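One structure is given here, and the rest of the page talks about it.
The values are calculated or read from the model by the stated rules, or taken from the named source; none is laboratory data. Everything numeric here is computed off the predicted structure, so don't read it as measured data. A quick note on method: Cβ atoms are made from the backbone with ideal geometry, for glycine too, and the neighbour counts reach across all protein chains shown. Please note that ligands, DNA and RNA were not included when accessible areas were found on the heavy atoms of the full protein model with its side chains. Shrake-Rupley method; radii C 1.70, N 1.55, O 1.52, S 1.80 Å.
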Amino acid sequence: MPLNRRTFLESSVAVGAGAALTAGAVAPAEAQERRPKPAKRYSFTVMGTTDLHGNVFNWDYFTDKEFDDKAHNDVGLAKISTLVDQVRAAKGRCNTLLIDAGDTIQGTQLSYYYAKVDPITKTGGPVHPMAQAMNAIGYDAAALGNHEFNYGIPVLRKFEEQCDFPLLGANALDAKTLRPAFPPYSMHRMRTPHGRDVKVAILGLTNPGIAIWDKANVSGKMVFPGLEEQAAKWVPKLRSMGADVVVVSAHSGSSGTSSYGDQLPHIENAAGLVAEQVPGIDAILVGHAHTEIPEYRVKNKETGKDVVLSEPLKWGQRLTLFDFDLVWEKGRWVVEKVGAQVLNSNTVAEDPEITGLLADEHTKVVAYVNQVIGTSTAAMTTADAPWKDEPIIDLINVVQSETVKAALAGGAYADLPVLSQASCFSRTARIPAGRITIKDAAGLYPFENTMEARLMTGAQLKEYLEYSARYYVLTPAGAPVDTGKLTNADGIPDYNYDAVSGLTYEIDIARPAGSRIVGLAFGGAPIDPAAKFVLAVNNYRASGGGAFPHVANAPQLWSNSDEIRNTIIQWVRAKGTVDPALFASVDWRLTRDGVPVF
């Protein structure tokens, strides 16, 4: 009969007893015994998106045409779907996971329509387009973003119900019980060829700023402790549950300071600190900051090991790939290597399965945004609004001022002057001469912000404006002015620069930040530091967004639950005709040593 391994060894010993082996020779079995066995290895990929903001199609509903920008990026889940299919075909679907880092159901008129116009919460209502698309693509998990809470908890809960994958939020807790209000994590088994599964844990973390920015929707219902604090609680638990790999999906930027209850803006960008301070994490999918980070390594202070971070660009413009290589050592899987990269969605066509699935919803929304609501006597644009007082921003401010004045009429604060703040949210927004549609008006205000009235003093407004003026790059008198390099100093986004109407002032960009506001006046006279004013302000700013001084602690005189965007649409409808000559004025300008820049 054939010799098995044991019989072969026994036979070799018997032979050795009766005959001398050649000096230095090694018996075949002994050589086999000494030869190291090949290590068991397994590789898999975690794909990630973030800040999709309601983008399914490569379409801009505010311009009613295919999306395009200077870099010729494309957007939307239909493009992402094609990339995902390619990765799954190359690596095997069973060797991949697909996750998201939040901000999913707000941002386009498509997502707005199914939250407000034909809401998913109504009896027998529709399934949210983002849920339909993400289900069809086959997402495995998604973290909560702060904008998930913009439409209120009932809309979010309905969206959660419609998703075939969990919405994760380890630091979104029930305000009364302090227990997780959403699943903190999901656990996934990767089948290997070696009979030993790899257990991959996905931990979801969201932004503590939700408690401030969406106070009206979450106050008394949910609380949002810091990311490091909750990661330190959950990562050891996941490891004790047998997780071989821990991936964090964090709706938080990659850099910043502690999120242990600090005030804004620090709590917005804590993912790098999570990597540095919490041992046991292999990779972090980063969101919220709307930046592109193909691969960023942070060394954990306790273990000395690198944690790999990656952030794909917003709106479905990029897809992150985390590639994991594992080796079987001492009875368990050990991560040997992690790398990250991003794929560009402009390299592929839209997946016809996704575009076909939501063709009817897309058609409805296109018809909705093209409804005519009034006419304009002149064209207005935001192209120069970041550095000039433009009529199109004055339009936002006049709507806000008139709305607040009407709300306060007959009350204790009716006689106070009403000022208004507005930002240039998009440099491509425009109101055409002639017919104004919903998409034109909505394009001025792409966020679901609501309006408040806050009581401020002249001195506080001066500090508010000084803080806002940090936005400009220091430009000495006589130096050339390049508008492409004039703004966004220290990375300050356009939405964190405010122009305030109802006052007149100059911003001297030749002076250092903090001493730039010159000639601040009200009614033609220097502003009285003790005088009281009403500031019409959006809820993001009033709640501390951007960390502007004084406004978050200023007395609230009035608030409104309707979006400012809808208020603008209703104002245009009521007026019928928009005439910039009736409201536009140059209240502020950039100067250098008293000489206007423009």
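Count Lys and Arg as plus one, Asp and Glu as minus one, and take only other residues whose Cβ is under 12 Å from that of G242; the net charge is then +4. Under a model in which nothing but the beta-carbon of Lys, Arg (+1) and Asp, Glu (-1) is charged, the stretch 54-186 shows a dipole of about 380 debye around its Cα centre. Legend: residue pairs K221/K405; K70/K299; K116/K405; K485/K532; K37/K299, Cα-Cα distance threshold 28 Å; pairs beyond threshold, K221/K405; K70/K299; K485/K532; K37/K299. Within the stretch 393-473, the trypsin sites (Lys or Arg not before Pro) that combine a DSSP coil assignment with at most 14 other C-beta atoms in a 10 angstrom radius are R427.
Look at where the Cα atoms of the stretch 460-524 and of the stretch 312-376 average out, and the two centres are 37 Å apart. Shape summary: the stretch 436-559 maps onto an equivalent ellipsoid whose semi-axes, from the alpha-carbon gyration tensor, are 24, 21, 14 Å in decreasing order.
Seen from all directions on average, the stretch 58-205 presents a Cα convex hull projection of 11.5 nm². Note that the stretch 237-244 has calculated 3J(HN,Hα) couplings of 4, 5, 5, 5, 7, x, 5, 7 Hz, one per residue in order, obtained from phi through the Karplus relation 6.51 cos²θ - 1.76 cosθ + 1.60 (θ = phi - 60°); glycine and proline are x. Quick one: Debye curve from the C-alpha atoms of the stretch 127-214, no solvent, what's log10 I(q)/I(0) at q = 0.20, 0.24 Å⁻¹? Values, matching the q order: -0.99, -1.26. For the chain, the residue among Y445, F522, V586 whose Cα projects farthest onto the positive side of the dipole built from Cβ charges is Y445. The GluC sites (Glu not before Pro) of the stretch 272-369 that meet both conditions, a loop assignment by DSSP and at most 14 other Cβ atoms within 10 Å of the site Cβ, are E302.
Under 5 Å from the amide H of A181 lie the amide H atoms of A172, L173, D174, each residue being 5 or more positions distant or on a separate chain, with H modelled from the backbone and absent for Pro and chain starts. What ratio of Cα Rg to 2.2 N^0.38 Å holds for the stretch 273-408? Working it through for the stretch 273-408, the quotient is 1.72.
Rounded to two decimals, the Cα radius of gyration of the stretch 386-496 over 2.2 N^0.38 Å is 1.26. For the stretch 507-598, the share of accessible area belonging to carbon and sulfur comes to 52 percent (1.4 Å probe, ligands and nucleic acids excluded). Taking amide H as placed 1.01 Å from N in the peptide plane, the amide H of I431 sits under 5 Å from that of M380, T381, each at least 5 places away or on another chain.
Label-to-label distance, R189 versus E402, with points set 7 angstrom from Cα along the beta-carbon direction: 6.4 nm. The long axis of helix 359-369 is offset from the longest Cα principal axis of the chain by roughly 20 degrees. Hey, quick one: spin label on D562, modelled 7 Å out along Cα-Cβ, who in the stretch 436-480 has an amide N within reach, i.e. under 18 Å? Within reach of a label on D562, which here means backbone N under 18 Å from a point 7 Å along Cα→Cβ, the stretch 436-480 contributes 437-453. Each residue of the stretch 401-416 is assigned a 3J(HN,Hα), and the resulting list reads 4, 5, 5, 5, 4, 5, 5, 8, 4, x, x, 5, 10, 5, 8, 6 Hz, derived from the Karplus form 6.51 cos²θ - 1.76 cosθ + 1.60 (θ = phi - 60°), x at Gly and Pro. Using every pair of distinct Cα positions in the stretch 172-252, the Kirkwood expression returns a hydrodynamic radius of 14.0 angstrom. The Stokes-Einstein estimate for the stretch 430-472, based on a Kirkwood radius over Cα pairs and taken at 25 °C with 0.890 mPa s viscosity, is a diffusion coefficient of 179 µm²/s. Count Lys and Arg as plus one, Asp and Glu as minus one, and take only other residues whose Cβ is under 14 Å from that of A231; the net charge is then -1. Rounded, prolate or oblate for the stretch 121-162? Axes are the square roots of the Cα gyration tensor eigenvalues, ordered a ≥ b ≥ c, and the cut-off for rounded is a/c under 1.5. Oblate, because a/c is 1.5 or more while a/b does not exceed b/c. Axis of helix 153-162 versus longest Cα principal axis of the chain: the two differ by about 40°, to the nearest ten degrees. Extension gain for K305 to A349 (0.36 nm times residue separation, less C-alpha to C-alpha distance): 12.0 nm. For the chain, the percent of C-alpha pairs falling in each 10 Å distance bin, counted from 0 to the bin holding the largest distance, reads 3, 15, 23, 23, 16, 8, 4, 2, 2, 2, 1, 0. What the Cβ-Cβ distance of A359 and A479 gives, at R0 = 45 Å and to the nearest 0.05, is a FRET efficiency of 0.25.
Ellipticity at 222 nm from helices only: DSSP H runs of n ≥ 4 in the chain, each -39500 (n - 2.57), divided by the residue count, give -7500 deg cm²/dmol. Taking the dipole about the Cα centre of the stretch 250-406, with the C-beta of Lys and Arg at +1 and of Asp and Glu at -1, give me whichever of I373, V334, P294 is farthest to the positive side. With unit charges placed on the Cβ atoms, the residue in question is V334. With contacts taken as Cα pairs under 8 Å and at least 6 residues apart, the chain reaches a relative contact order of 13 percent.
Phi-derived couplings, Karplus 6.51 cos²θ - 1.76 cosθ + 1.60 at θ = phi - 60°, listed residue by residue for the stretch 92-98: x, 4, 5, 9, 9, 10, 10 Hz, with x used for Gly and Pro. Note on the stretch 464-593: with charges restricted to the Cβ of Lys and Arg (+1) and Asp and Glu (-1), its dipole about the Cα centre is near 100 debye.
Along the axis of the charge dipole computed for the chain (Cβ charges of +1 for Lys and Arg, -1 for Asp and Glu, origin at the Cα centre), the listed residues H128, T303, P596 are led at the positive end by T303. Normalised by 2.2 N^0.38 Å, where N counts its residues, the alpha-carbon radius of gyration of the stretch 488-598 equals 1.25. The residues of the chain present an accessible area of 42 Å² per residue when probed at 1.4 Å with all protein chains retained.
For the stretch 370-437, the fraction of alpha-carbon pairs lying more than 17 Å apart is 53 percent, rounded to a whole number. Computed about its Cα centre, the charge dipole of the chain is approximately 1720 debye, with only Lys, Arg, Asp and Glu carrying charge at their Cβ.
Taking the Cβ of K91 as the center, what net charge do the other residues with Cβ under 14 Å away carry, scoring Lys and Arg +1 and Asp and Glu -1? Net of charged neighbours comes to 0.
For the pair T291 and K575 in one chain, pulling the backbone fully straight at 0.36 nm per residue adds 98.3 nm over the alpha carbon distance.
For L97, the residues 5 or more places off, or on other chains, whose built amide H falls under 5 Å of its own are T45, V46, M47.
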